[in-house]
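Following: one structure in structure tokens, then a few remarks.
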Amino acid sequence: MTFGEQVNEPTAHAILDRALERGIDFIDTAEMYAVPARKETFGATETIIGNWFAKNPGLRQKIVLATKVAGPSRGMPWVRQGSGMTAADIAASCEASLERLKTDVIDLYQIHWPERHVPAFGSIYYDPTKERSATSIHEQLEALGKLVKAGKVRAIGLSNETPYGVHEFVRLAEQHGLPRVATVQNVYCLISRALENGLDETMHRLGVSFLAYSPLAFGLLTGKYDQSGTEGPDAPKGARISSYESVRKQRWGRADALAAARRYNALAREHGMTPAKLALAFCYTKWQVASTIIGVTSVAQLDEDLDAWGTTLSPELLAEIDKIRWELRDPAA
């Protein structure tokens, strides 16, 4: 999601080269990327990845490639003109992604956020009066099923989803012989652990794998904002939260989120590790997590994130983490 906004194409390709060299074989993107979302950069991340495949013949077969169809517009008319996400929208978005990615098939095609109204991206309360759904889950599954049957998609997934949504997608797939969701990609990090409020049980019992995004909380859990805060002259230059007002208006810009991150970052230092290593090791080792999605802006950041792999956290340290969560809960939920 940084490719095409914070990261130019040559740097993005260097990051991808290094990722492959170090054993990464899963790449996740989306039609609406880069982020923050703008008309000018819509589809840029997919295009950059597609160009990387094009200049490295045979590489595509070594990669598990995931992308996403955007849900209802959320104020982005350049994604699509309608306010919903129809079956035709899903088909058109898939074709456009295939073209940008310069591939014949998407390994994992995900719905970026639900077509129906749900609390997501920092909202925590469900409000039935905001329901504007126009395309049923059954219709969405049928559209995805056609893409699978046509060989354009291998597996399907969800993102920013709720326990109800996961259950309903699985129930309808089994009832009607349609593709069963393989994965759900939701936020999960030390300051946003809503997964553990019931969604993890849903996914475990239904056999759906969890992909954790934002394990470093948009950089809050790296410690780089600890001294300066997220805005002002001393805030880190070029970092996502400090660079974009739109990001600061979201969950990552909350004062409570920064305060909680500072607590976890201090805990990491007390135990002789960097904040990033603690945050990533927490995600890398949780039983709920099948894969952790990291986003970087440099090869150095990538190496630091990958070097955290293999780090184990003691029961005592995990207990201290849970103690902080009990006190501060999930300020970036």
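Numerical summary
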{"read-out": "Calculated from backbone phi, Karplus (6.51, -1.76, 1.60) coupling profile of the range 2-15 in Hz, x at Gly/Pro", "value": "7, 5, x, 10, 7, 10, 7, 5, x, 5, 4, 5, 5, 5"}
{"read-out": "Long-range amide H partners of residue 209 with built H, under 5 Å", "value": "183, 184"}
{"read-out": "Under the Karplus curve 6.51 cos²θ - 1.76 cosθ + 1.60, θ = phi - 60°, whole-Hz ³J(HN,Hα) for the range 149-161, x wherever Gly or Pro sits", "value": "4, 7, x, 8, 9, 8, 9, 10, x, 10, 8, 6, 9"}
{"read-out": "Computed FRET value (nearest 0.05) for residue 54 with residue 129, which takes r as the C-beta separation and R₀ as 45 Å", "value": "0.40"}
{"read-out": "Solvent accessible area, Å² - residue 292, 1.4 Å probe, full protein context", "value": "30"}
{"read-out": "Accessible area, probe 1.4 Å, largest first, for residues 89, 307", "value": "307, 89"}
{"read-out": "Å² per residue, accessible surface of the chain at 1.4 Å", "value": "45"}
{"read-out": "Value at 222 nm in deg cm²/dmol, rounded to 500, when DSSP H runs of n ≥ 4 in the chain each add -39,500 (n - 2.57)", "value": "-12000 deg cm²/dmol"}
{"read-out": "Sites excluded, GluC sites (Glu not before Pro) in DSSP loops with at most 15 other C-beta within 10 Å, longest stretch of the chain", "value": "1-130"}
{"read-out": "The chain: Cα Rg divided by the 2.2 N^0.38 Å rule of thumb", "value": "0.97"}
{"read-out": "The range 32-86 versus the range 315-333: alpha-carbon centroid distance in Å", "value": "35"}
{"read-out": "Within the accessible area of the chain (1.4 Å probe), percent carbon and sulfur", "value": "52"}
{"read-out": "Partner aspartates and glutamates for residue 130 [C-alpha distance under 16 Å; skip if fewer than 8 residues away on the same chain]", "value": "115"}
{"read-out": "Pairs beyond 32 Å (Cα-Cα), from 68/249; 237/277; 39/224", "value": "none"}
{"read-out": "Separation between Cα centres of the range 266-296 and the range 205-259, rounded to whole Å", "value": "15"}
{"read-out": "Angle in degrees between helix 163-176 and the longest Cα principal axis of the chain, rounded to the nearest 10", "value": "30"}
{"read-out": "Values of log10 I(q)/I(0), in the order q = 0.09, 0.18 Å⁻¹, for the range 209-333 under a Debye, Cα-only, solvent-free model", "value": "-0.24, -1.01"}
{"read-out": "Over the range 161-273 - Rg/Rh using Cα atoms and the Kirkwood inverse-distance radius", "value": "1.12"}
{"read-out": "Loop trypsin sites (Lys or Arg not before Pro), the range 75-132, which have at most 14 other Cβ atoms in a 10 Å radius of their Cβ (DSSP)", "value": "132"}
{"read-out": "In the range 217-303, chymotrypsin sites (Phe, Trp or Tyr not before Pro) in a DSSP loop with at most 11 other beta-carbon atoms within 10 Å", "value": "287"}
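The values are calculated or read from the model by the stated rules, or taken from the named source; none is laboratory data. Because the structure is a prediction, the values reported are computed rather than measured. Quick reminder, even Gly has a Cβ in these numbers, built from the backbone with ideal geometry, and neighbours come from all protein chains shown. Each accessible area value is taken on the protein alone, full model and side chains, heavy atoms only, with ligands, DNA and RNA left out. Shrake-Rupley method; radii C 1.70, N 1.55, O 1.52, S 1.80 Å.
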